[in-house]
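Rule-based calculations on the coordinates, nothing more; no lab input. All of these numbers come straight from a predicted model, not from anything done at the bench. Heads up, the Cβs are rebuilt from the backbone with ideal geometry, glycines too, and the neighbour counts pull from every protein chain shown.
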């Protein structure tokens with residue numbers, strides 16, 4: 001089935017129409033400095049296996065931990081070397097190219113302050129920027145935009161942010177107007193995803209739960225997505241990973257086209273689902289590699305569609321938490337803690353692995369099972385917002401990421 005699109009309220013429609021009317025009136029984010037920075041946040045929903053994406057091939061305990069599912073430099077499909085310790089999943093040659101061109105960096109053993117293993121709570125902490133789940137209904141990127149408005153660099157009569165997906169990502173929701181765009185063809189949801197969403201909405205928004213359940217029942221009675229599409233004259237890509245690749249590239253590429261416009265938004269967010277790899281995760285090939293390949297294609301679409309604006313662009317790719325260090329009994333991984341964050345763009349001071357590596361010995365794993373996080377993801381995001389968008393450090397600590405004065409922004413992430 002295909003999920004129904006997010007239907008905005010009358011108030012949201014009025015705000016959005018006003019924002020679009022005033023779009024061409026807006027100043028650039030940093031006109032006084034002769035800069036016009038862009039920032040796009042991609043949220044990988046489901047928890048990315050950071051060890052499967054960026055393998056510590058130089059760690060002496062790596063092979064014994066993952067066995068025949070450990071990425072290696074001399075395997076049938078070799079991992080792509082990054083430095084003496086780490087190598088990238090071979091499904092991401094485009095990211096590897098950007099890394100070698102010093103337009104991408106990777107943060108390893110990172111996590112938000114969240115230490116439980118609920119997807120919904122983890123995503124809430126990741127996108128709200130608040131350490132406690134459910135504490136606030138706005139996102140840190142939207143609050144950063146409001147902070148920029150306080151010194152006249154952004155006029156909030158117009159939309160300076162874009163959210164891409166069936167529902168606007170929380171990270172860009174808030175008082176600053178947000179333009180929403182929904183891809184024409186949405187990915188089908190698994191039965192497990194449908195059940196999880198229904199359970200969530202039954203506890204948080206019963207009205208939405210009723211509407212979603214009705215939509216699921218209707219979809220079950222009607223034609224399949226492919227049949228419906230053909231009848232409408234718009235054929236879908238083939239099922240499976242080809243459709244995922246097409247969706248990722250379409251969503252990310254469209255966000256980039258909006259951000260590249262001289263009078264367009266300057267920050268945006270996209271959410272990609274499917275990263276909950278409990279079963280048959282694979283390694284250099286298989287489920288995870290397919291997803292990483294689709295993400296790699298999305299990065300290529302962003303770079304292409306940003307055009308000249310790519311040199312002033314930062315793309316931050318983040319996830320709610322990592323996965324277990326060991327493979328489980330169903331050839332996958334379970335919910336974990338430490339993971340990776342990808343940073344790409346022409347504005348990134350790249351070609352670097354950023355990691356305080358904790359090691360993989362049993363006593364070095366978090367709770368004896370997960371990669372131990374040694375870098376607070378908020379530090380990385382603060383560094384990007386401070387040095388790229390020029391958000392004041394005091395505002396980052398009090399408003400954008402509340403109660404985080406002890407988290408120092410990471411320096412040197414952007415050129």
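Points worth noting:
- Distance histogram for segment 85-130 (every C-alpha pair counted, 5 angstrom bins, percent rounded to whole numbers): 5, 17, 18, 14, 11, 20, 13, 1
- When peptides 40-51, 323-334 are sorted by average Cβ neighbour count within 10 Å, with the highest value leading, the order is 40-51, 323-334.
- Highest mean first, the peptides 249-256, 407-414 sorted by other C-beta atoms within 10 Å per residue fall in the order 249-256, 407-414.
- The packing ranking, built from the mean of other Cβ atoms within 10 Å per residue, places the peptides 266-276, 66-76 in the order 266-276, 66-76, highest first.
- Which of 180, 150 has the fewest Cβ neighbours within 10 Å, and the rest in rising order: 150, 180
- Percentage relative contact order, segment 96-147, counting C-alpha pairs under 8 Å, at least six apart: 21 percent
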